[in-house]
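Taking it in order: structure first as structure tokens, then the write-up.
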Amino acid sequence: YVYKGTVNLPPCNSWSMSYSSGARNPITTLSGSGSWYMPGFLNNLQAPCNSSPQFSNKPIAVICQGQSFCFNHGAIDPDGDSLSYSFYAPKTTSMTNTVNYIWPYSASNFLNSTPPITIDPVTGDICMTPTTNLVTVTGVKVEEWREINGVPVLVGTVYRDMQLKVDFCNNQIPTLSGMDTLLTSTYSATDTTYWMEMCLGPTVQFHI
């Protein structure tokens, strides 16, 4: 279900919005699951016209034990604002109440992984190689920055409450090369380019 409404907000540098529910799924890494609380913040004083980032990937994943896995949020900001990513402890009933992780788990160490879990603050990629079957949860805070009069200004913050399940898989995930700009249509471990910077207009072609 989608619930919609229109609210006229006068200019303010820190509007706070939230939604909560008492039905968090059972989580292996938590002491009691309980409620969940989803906050959001908006600065319409310095950025009166602003759209929040849109996420094309749902904040849930099933991961294979012993296999490398990277999650990308698929975020697009309609205004072209810069996004930064960081972990946070998921909320339960308010901004100050968070889930209780069972030691040694935490928001940034939410499952057993070798090598340790990483998050890229620029792309939001979360990478891990889980070693234990479990159901876990973490939170990702996405901050929206805009340059106003030459100064980076925080114009909005959204939060993602992410649930992940690690299970044993009989299959192996495929191995992908980087971008093959020569278009050879052949897998090569030497194709290690995974990003490029482009200007609007030109066309780029590559194989993966």
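The values are calculated or read from the model by the stated rules, or taken from the named source; none is laboratory data. Everything numeric in this text was worked out from a predicted model, so none of it was measured. Heads up, the Cβs are rebuilt from the backbone with ideal geometry, glycines too, and the neighbour counts pull from every protein chain shown. Heads up: the accessible areas ignore ligands, DNA and RNA and are worked out on the full protein's heavy atoms, side chains in. Shrake-Rupley method; radii C 1.70, N 1.55, O 1.52, S 1.80 Å.
For the chain, the per residue solvent-accessible surface stands at 62 Å², with DNA, RNA and ligands left out and a 1.4 Å probe. Oblate is the label for the stretch 84-141. Its Cα gyration tensor axes, ordered a ≥ b ≥ c, give a/c of at least 1.5 and b/c at or above a/b.
Would you work out what percent of the accessible area of the chain, with all protein chains in place, is carbon or sulfur (probe 1.4 Å)? Of all accessible area on the chain, carbon and sulfur atoms account for 56 percent.
Please say if the stretch 123-208 is rounded, prolate or oblate, where rounded means a/c under 1.5 for a ≥ b ≥ c the square roots of the C-alpha gyration tensor eigenvalues, and otherwise the choice is prolate for a/b larger than b/c and oblate otherwise? Note, shape of the stretch 123-208 comes out oblate. In this Cβ point-charge picture (+1 for Lys and Arg, -1 for Asp and Glu), the stretch 94-208 has a dipole of about 300 debye about its Cα centre.
Residues whose amide H falls under 5 Å from that of residue 88, counting only those 5 or more places apart or on a different chain, are 139, 140, 141, with hydrogens built in the peptide plane.
For the listed peptides 60-72, 156-168, a ranking on the average number of other beta carbons within 10 Å per residue, highest first, reads 156-168, 60-72. In terms of the Cα gyration tensor, with a ≥ b ≥ c the square roots of its eigenvalues, is the chain rounded because a/c is under 1.5, prolate because a/b exceeds b/c, or oblate? Cα axes put the chain in the oblate bin.
Partner lysines whose Cα lies under 26 Å from the Cα of residue 4, excluding those fewer than 8 positions away in the same chain, are identified as 58, 91, 141.
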